[in-house]
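Asker: I'd like to ask some things about the structure below.
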Amino acid sequence: MCAAQKTVNPQENPPKINEPPHDDLPDIVDLVMEMGVLPVAPQSPARLEALVETATAYAKAASSENTRDAYAKDWRHFSSWCRREGFDPLPPSSQVIGLYIGACAAGDLKRGLPSLSVATIERRLSGLSWNFTQRGQPMDRADRHISTVLSGIRRKHGKPPRQKEAVLGDDIKAMVNTLGHDLRGLRDRAILLLGFAGGLRRSEIVGLDVAREEHSDGAGWIEIFPDKGVLVTLRGKTGWREVEVGRGASDHTCPILALERWIRFGRIARGPLFRRIFKDNKTVDTERLSDKHVARLVKQTALAAGVRSDLPEGDRVLLFAGHSLRSGLASSAEIEERYVQKQLGHASAEMTRKYQRRRDRFRTNLTKASGL
C-alpha cells in the first residue's frame, strides 16, 4: 500500500469557504445551495427558517437516534486520529483510511488506546462512509488500500462471534420469581414477560407507548384485547409490523396480566409504557425508560435465578443481555418455523434458524446414525 501524503501547505490548498466543520454534519442550507435549488435572496427569512427546520426534522428521521449518535462518534474518532497524525479528514483518502483502520486494529499501548475488534472497525467504516456521503464526498470502500488492509485485519484478528445466551421458558419463570411485588417488581415482570413472549428487542420494549399517539417519539404501541392478548405495533427499519402476544397458561407468568397490573398500579394513561421509578418506589416518572435497563434486568435476574449455574460466575456475567429474551423465544417455541419468523420479523428463515441454536443443539446425532 502506498504511503499517504501528509497535509501540505494550506496556501496551496486553501479551505473552501462553505466547507462544514470536520466534527459536525453539514448544514442542510449548504447542501441545498450546492444543488442550486435555494434562491440567493429568499423573499421571506422566516419562511426559509421554517422550511429548514422541517427538512432537518425529516433528515433526522431517516435514521434512529442511536445510529446517528454512533456515526457522530465514529467521525469524531477518525477526525481526532487525523489531527493527531497530521492528516486532513477531507476529502476522503483511501490511503489515509487504510492507515486509520490499521492503527485501530493494532492499538497504541503508549497512549493507552486498546486495539479495536474487527466488528468495531467494520462499524466505524460504515460510519465514515455515511459521514463522507453526507458531505457530498463518497468514500470508495472497495479501494485496495482499504479492502486489502481490512482483509488482513479479519484474517489476523478475527474471532468467532460471541452470541448471548438464550433464556428459555423455565429460565424466565425462575427469573420473574426473583422479582418483588412492589411497583418496580410489577414493571420489571411486565418487561421480561412481554419481551420474551413477543421476541422483542430491548429498544422495541422501551420504545412502546401505552396507546397510539401520532406525535410520539416511540417505536410503537400496544392494544390489549381482554379475552385474547395484546397486539404490539412496531415501527422498524423496513416499515411497520404487528406482533401478537397471547395470554399465558398461568397468571403468574402471563405477559398480559403483568402488563395490566403495571399499567393499573403505575397509573400509565398515555405516553411511554415503561418508565423510571423514583427511589421511593412509589412515584413513576414521565420519561421513557432507557434500553440499558432491559439489559441490566435480564443479566441480574438470570444470575439471581441461577441460570447456567454450571458455569463459573465470571462466565455467566458475560452470557446474558437484553437480546437473550428475543433469542429465547425462538429457542423455546416448539412450533412451525414460519410462525417464529413472523413474530421476530425476520426477512429470511435462515436468520430464524440461527436463533434456534440452543433448542436444536445435539438433536441430530450423526455419530449414532453412522453406526458408531
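The values are calculated or read from the model by the stated rules, or taken from the named source; none is laboratory data. Bear in mind that the values here come from a model prediction, so they are computed numbers and not experimental data. Virtual Cβ from ideal backbone geometry, glycine too; neighbours counted across all protein chains shown. Surface accessibility is based on the protein's heavy atoms, side chains included, excluding ligands, DNA and RNA. Shrake-Rupley method; radii C 1.70, N 1.55, O 1.52, S 1.80 Å.
Asker: Name the shape class, rounded, prolate or oblate, that the alpha-carbon gyration tensor gives for segment 137-214, where a ≥ b ≥ c are the square roots of its eigenvalues, rounded holds for a/c under 1.5, and otherwise prolate holds if a/b is larger than b/c and oblate otherwise.
Answerer: On the way: a/c = 4.58, a/b = 2.03, b/c = 2.26.
Verdict is oblate for segment 137-214.
Asker: Starting from segment 222-282, pick out the chymotrypsin sites (Phe, Trp or Tyr not before Pro) whose DSSP state is loop and whose Cβ has at most 14 other Cβ atoms within 10 Å.
Answerer: PHE278
Asker: Oh, and also: Along the charge dipole of segment 158-272, which of LEU179, TRP221, LEU259 sits closest to the positive end, that is, farthest toward it, with unit charges on the beta carbon of Lys, Arg, Asp and Glu (+1, +1, -1, -1)?
Answerer: Most positive-ward Cα: LEU179.
Asker: Rank LYS73, LYS110 by accessible area, highest first, at a 1.4 Å probe radius?
Answerer: Output order, biggest surface exposure first: LYS110, LYS73.
Asker: For q = 0.13, 0.31 Å⁻¹, what log10 I(q)/I(0) does segment 108-154 give under the Debye formula with an equal point scatterer on each alpha carbon and no solvent?
Answerer: -0.37, -1.08
Asker: Count charges around LYS173 for me, please; just the other residues with Cβ under 13 Å from its Cβ, Lys/Arg as +1, Asp/Glu as -1.
Answerer: Result for the neighbourhood of LYS173: -2.
Asker: May I ask you to derive the FRET efficiency for ARG123 and THR233 from their Cβ-Cβ distance with R0 = 30 Å, giving the value to the nearest 0.05?
Answerer: Numbers: r = 29 Å, r/R0 = 0.98.
About 0.55, to the nearest 0.05.
Asker: Heavy atoms only, 1.4 Å probe, whole protein assembly: order HIS181, HIS215 by accessible area, highest first.
Answerer: The residues order as HIS215, HIS181, largest area first.
Asker: Same structure, new question: With each label point set 7 Å from Cα along the Cα-Cβ vector, what nm distance links ALA50 and ALA269?
Answerer: Label at ALA50, label at ALA269, 3.3 nm between them.
Asker: Cross-link list LYS156/LYS368; LYS156/LYS299; LYS73/LYS156; LYS73/LYS164; LYS159/LYS368; LYS110/LYS164: which exceed 29 angstrom alpha carbon to alpha carbon?
Answerer: Where the Cα-Cα span goes over 29 Å, the pairs concerned are LYS156/LYS368; LYS156/LYS299; LYS159/LYS368; LYS110/LYS164.
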